[in-house]
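Everything below concerns the one structure shown next.
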Protein chains: 2
Amino acid sequence: MKNLFLFPVALLAFCLTGFAQEALFNAQQLISPEVHEDKTVTFRLFAPDADVVEVTGDFLPTVKVETPRGPMDGPGKAKLTKDDNGVWSLTTESLGPELYNYSFLVDGFKTTDPNNPFLIRDVATATNVFIIDGGHADLFKTNDIAHGSVTRRWYDSPGLDMDRRITIYTPPGYEKSAETYPVLYLLHGAGGDEEAWINLGRTAQIMDNLIAQGKAKPMIVVMPNGNVIQDGAPGEGSKNFYKPTFMIPNTMDGTYEGAFGDIIKFVENNYRVKADKAHRAIAGLSMGGYHTLHISRYYPNTFDYMGLFSAAIMPREDATGKVYSNFDETLQTQMDNGYELYWIAIGKTDFLYEANTEYRAKLDAMNMPYEYVESEGGHTWRNWRVYLSQFAPMLFQ
Amino acid sequence: MKNLFLFPVALLAFCLTGFAQEALFNAQQLISPEVHEDKTVTFRLFAPDADVVEVTGDFLPTVKVETPRGPMDGPGKAKLTKDDNGVWSLTTESLGPELYNYSFLVDGFKTTDPNNPFLIRDVATATNVFIIDGGHADLFKTNDIAHGSVTRRWYDSPGLDMDRRITIYTPPGYEKSAETYPVLYLLHGAGGDEEAWINLGRTAQIMDNLIAQGKAKPMIVVMPNGNVIQDGAPGEGSKNFYKPTFMIPNTMDGTYEGAFGDIIKFVENNYRVKADKAHRAIAGLSMGGYHTLHISRYYPNTFDYMGLFSAAIMPREDATGKVYSNFDETLQTQMDNGYELYWIAIGKTDFLYEANTEYRAKLDAMNMPYEYVESEGGHTWRNWRVYLSQFAPMLFQ
């Protein structure tokens, strides 16, 4: 019988799948991005026929971009240089610790990096990412420590009349332990879904690292889907593959908040949890911060910890759901019932900054206690990953 | 307090995350691919400055491509046409049911489709996908039926001296049941990892659908990582983000097969399983078929069901691991011990076709029983999804 693996070429051929076959015939075996020891980064792209190749991403200083609302911060660009082999490259300055995103522009056409398989989807856009380690970015890495488990499963939501997909992080040791655990409900923003926090947010890595360092208590993190017209993320729900869009306003009409009890019930019936207020936290970003505000008020004696990350605040005027009908009284009741932490964080250039300032004034006027963190930057995952890293250690202590 | 959501422009601005912000400033809000009722598909791309835009993918007839081993089948190409707005488009013929993959070529530069967020990674290449439903492709869709759970967790492998990541599918109702279940160990090919079967293979959808239709028994499906130098998939393991490559030969030196008992032990200690030979199956594609062959022989009284999908067969001559030391005797012992099914499937144009023919001749010569399926096509996920759909219903009946 012939030995198939004697020759390098046969060895290569062995690896040809339908996709990889194409890759082999076309790909230049370039490394891009290459992160060097000194934290500079080299981007490379094979495009011999292109006239201009640029890279754009959040590792570059932002530039002002004209929009219908006036100038806003947009991503910067930098030009790559072509060598004799048709390979374009650029090496950056030394970069600080962060999980960065970037794209290439080939003669103005925006594309992913064919040599970087790491892509994160936000709404309908898949974007390449890379990590510069050190500092807070080490929390985003998989380190050689004990790991929790991440499960995608389905729960019954009578309030929305459907089975729905949900992502659950259980901490290291959960399966073998007889203990009960506290729960953080962690909500995504507009355009996100039950994949957002686990992928863009690096929740599993952040929680594993914080728990291993003794900075956060072992807890269950529940990441539901806040879009009431979806049973699961695009590609994972019963609508299968379709181009997702922003789903406001029907994700902010009170329906989701009203049915949130289904999620709590599912979690408390299916996991070993401490099912009391002292061991429930809820937090979310942007629309998820809005959901946090309204859910924690609508279920006023349910959560001891609230986190509003770059939160939207006020309901639309046409949102007449029962959840919004007595904002002030329920907020007062929530305060009167007491809680451990009401945490508000926002970036200085966030377009929701003013709304949050006004909301804090409202809380101040009624003497409702909260903690406030103001960061640099705007309405970005960069901030939300950091907010989670700051918020989780304050829970259940 | 201002109502932020009165104006469409504010509503849009609300949705701006760091990534989405870029998307909004750049993306044409095109739908691509658009699958029409008559199963024709329209691809669209905004590239006003391009001279030639083509699409390449496995929905097109293959063409002969020159390689060092002689002509091989490569993916076909078709040209798109530009309209006055700079949008290129092409509508295909009516396509048969399948999960297809494709890429664009913009002036020869290969790129993903910026309007299609659905990408599947194979080795280091991310490729867009779409589904034409009907027939066998309906098994690849999420339908409105009971769903199993998919968990990524970590297990201890003393045989490889590391904690390793693993993907586990548990069938609908597992969590609430007191029953014990049979187990299918499902192995990936060279270049794959514990993400391959669940993503490229659509295992959760296939199993959910087969179980709902009463065609397969509820079973646990265990998808480990066969690359002994990885603790987890690229981006998920402790090496974090790096460009993955083919890892032969060290994934086929006997180490993985020798340590496979760690995986069985983990599963049987952590899940409610029927821990006997009659309720264990093992199958794999390509390198995973090779692992299946050698593991089922090396643990000769452990599995009643074997599936070799487009399998590699013979060890390299320099693979001197103990696992390979007495191939013929252990195969004889495996036969003498008896089993329910030894299933071999391969495509007519697979480069491993001849090796499988020779292996079947060897089995014939020793009167070792097996079932054989010969399909159209080659060494592709298209075949492997179908093989799983055919194999799973034969198990544990």
Legend entry - Filter result (open to solvent by less than 20 Å² (accessible area, probe 1.4 Å), over 13 Å from B:Gly57 (Cβ atoms) and within 23 Å of the chain's Cα centre (by Cα)) within the stretch B:74-110: none
Inset, instruction - Sort out which residues of the stretch B:305-322 are open to solvent by less than 10 Å² (accessible area, probe 1.4 Å) and more than 13 Å from chain A (Cβ to nearest Cβ), and write them in order of number. - result: B:Met306, B:Gly307, B:Leu308
Legend entry - Pick from the stretch A:267-304, criterion among the small types (Gly, Ala, Ser) and under 21 Å from A:Gly338 (Cα atoms), ranking: most open to solvent (accessible area, probe 1.4 Å): A:Ala275
Inset, instruction - Could you check, for the stretch A:137-148, whether at least one of its residues is charged (D, E, K, R) and farther than 18 Å from B:Lys239 by Cβ? - result: no
Legend entry - Scan of the stretch B:371-389 for residues that are surrounded by 16 or more Cβ atoms within 10 Å (Cβ to Cβ) and more than 13 Å from chain A (Cβ to nearest Cβ), ordered by number: B:Ser375, B:Tyr387, B:Leu388, B:Ser389
Legend entry - Matching option when the condition is touching a helix residue (DSSP H, G or I) at 6+ places or on another chain (Cβ under 8 Å), outside the structural domain of A:Gly377 (by TED's automatic domain parsing) and either assigned to a strand (DSSP E or B) or modelled with pLDDT of 95 or more (or both), among A:Val65, A:Val55: A:Val65
Inset, instruction - Would you check which residues across the stretch A:103-120 are touching a Ser or Thr at 6+ places or on another chain (Cβ under 8 Å) and either assigned to a strand (DSSP E or B) or hydrophobic (A, V, I, L, M, F, W, C) (or both) and list them? - result: A:Ser103, A:Phe104, A:Leu105, A:Val106, A:Phe109, A:Lys110, A:Thr111, A:Leu119, A:Ile120
Legend entry - Subset of the stretch B:68-87 (residues that are at pLDDT 90 or above and outside any loop (DSSP other than H, G, I, E, B)): B:Gly76, B:Lys77, B:Ala78, B:Lys79, B:Thr81, B:Lys82, B:Val87
Legend entry - Condition met for B:Asp49 (among the acidic types (Asp, Glu), open to solvent by less than 60 Å² (accessible area, probe 1.4 Å), touching an Asp or Glu at 6+ places or on another chain (Cβ under 7 Å) and farther than 28 Å from B:Glu195 by Cα): no
Inset, instruction - Go through the stretch A:336-358 residue by residue and tally those that are within 14 Å of another protein chain (Cβ to nearest Cβ), surrounded by fewer than 18 Cβ atoms within 10 Å (Cβ to Cβ) and part of a helix (DSSP H, G or I). - result: 4
Legend entry - Verdict on A:Lys39 being in a strand (DSSP E or B), at pLDDT 95 or above and either in the same structural domain as A:Ser94 (by TED's automatic domain parsing) or of a type in the set (Lys, Arg) (or both): no
Legend entry - Qualifying positions in the stretch B:142-155 - open to solvent by less than 40 Å² (accessible area, probe 1.4 Å), polar (S, T, N, Q) and outside any strand (DSSP E or B): B:Thr142
Legend entry - Filtered residue count, the stretch A:295-311, keeping only those that are closer than 18 Å to A:Glu371 by Cα and not aliphatic (A, V, I, L, M): 8
Inset, instruction - Go through the residues of the stretch B:156-165 one by one and say whether even a single one is buried (at least 22 other Cβ atoms within 10 Å of the Cβ) and within 13 Å of another protein chain (Cβ to nearest Cβ). - result: yes
Legend entry - Scope the stretch B:117-141; condition closer than 23 Å to B:Asp231 by Cβ, open to solvent by less than 20 Å² (accessible area, probe 1.4 Å) and β-branched (Val, Ile, Thr); matching residues: B:Ile120, B:Val123
Inset, instruction - Pick out the one residue from B:Gly261, B:Gly254, B:Gly232, B:Gly226 that is surrounded by fewer than 18 Cβ atoms within 10 Å (Cβ to Cβ), in contact (Cβ under 8 Å) with a residue 60 or more places away in the chain and closer than 18 Å to B:Pro158 by Cβ. - result: B:Gly261
Legend entry - Conditions (1) in the same structural domain as B:Val41 (by TED's automatic domain parsing); (2) open to solvent by 20 Å² or more (accessible area, probe 1.4 Å); (3) of a type outside the set (Val, Ile, Thr); number of the one not met by B:Ser177: (1)
Legend entry - Hey, A:Ala361 open to solvent by 20 Å² or more (accessible area, probe 1.4 Å), of a type in the set (A, V, I, L, M) and within 12 Å of chain B (Cβ to nearest Cβ) or not: yes
Legend entry - Unmet requirement for B:Leu90, which otherwise passes all of (1) more than 9 Å from chain A (Cβ to nearest Cβ); (2) not in a strand (DSSP E or B): (2)
Legend entry - Whichever residue in the stretch B:127-152 is out of contact with any helix residue (DSSP H, G or I) (no Cβ under 8 Å at 6 or more places or on another chain) and of a type in the set (Val, Ile, Thr) and, among such residues, is nearest to the other protein chains (Cβ to nearest Cβ): B:Thr151
Inset, instruction - Answer yes if at least one residue in the stretch A:19-31 is more than 9 Å from every other protein chain (Cβ to nearest Cβ) and at pLDDT 50 or above, and no otherwise. - result: yes
Inset, instruction - Looking for whichever is modelled with pLDDT of 95 or more, farther than 24 Å from B:Trp197 by Cα and away from every other protein chain (no Cβ under 14 Å) here; the options are B:Thr302, B:Thr333. Which one fits? - result: B:Thr333
Inset, instruction - Being hydrophobic (A, V, I, L, M, F, W, C), touching a strand residue (DSSP E or B) at 6+ places or on another chain (Cβ under 8 Å) and farther than 18 Å from A:His379 by Cα is the filter here, so list the residues in the stretch A:199-242 that pass it. - result: A:Ala204, A:Met207, A:Met219, A:Ile220, A:Val221, A:Val222, A:Met223, A:Ala233, A:Phe241
Inset, instruction - Would you check if there is a residue in the stretch A:74-97 being touching a residue at least 60 places away in the same chain (Cβ under 8 Å) and touching a Lys or Arg at 6+ places or on another chain (Cβ under 7 Å)? - result: no
Inset, instruction - Could you list, in sequence order, all residues of the stretch B:103-126 that are polar (S, T, N, Q), at the interface with chain A (Cβ under 7 Å from one of its Cβ atoms) and without any contact (Cβ under 8 Å) to a residue 60 or more places away in the chain? - result: B:Thr111, B:Thr112, B:Thr125
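The values are calculated or read from the model by the stated rules, or taken from the named source; none is laboratory data. All of these numbers come straight from a predicted model, not from anything done at the bench. So basically every Cβ, Gly included, is an ideal-geometry build from the backbone, and we count neighbours across all protein chains shown. Surface areas here come from the heavy atoms of the whole protein model, side chains and all, with no ligands, DNA or RNA. Shrake-Rupley method; radii C 1.70, N 1.55, O 1.52, S 1.80 Å.
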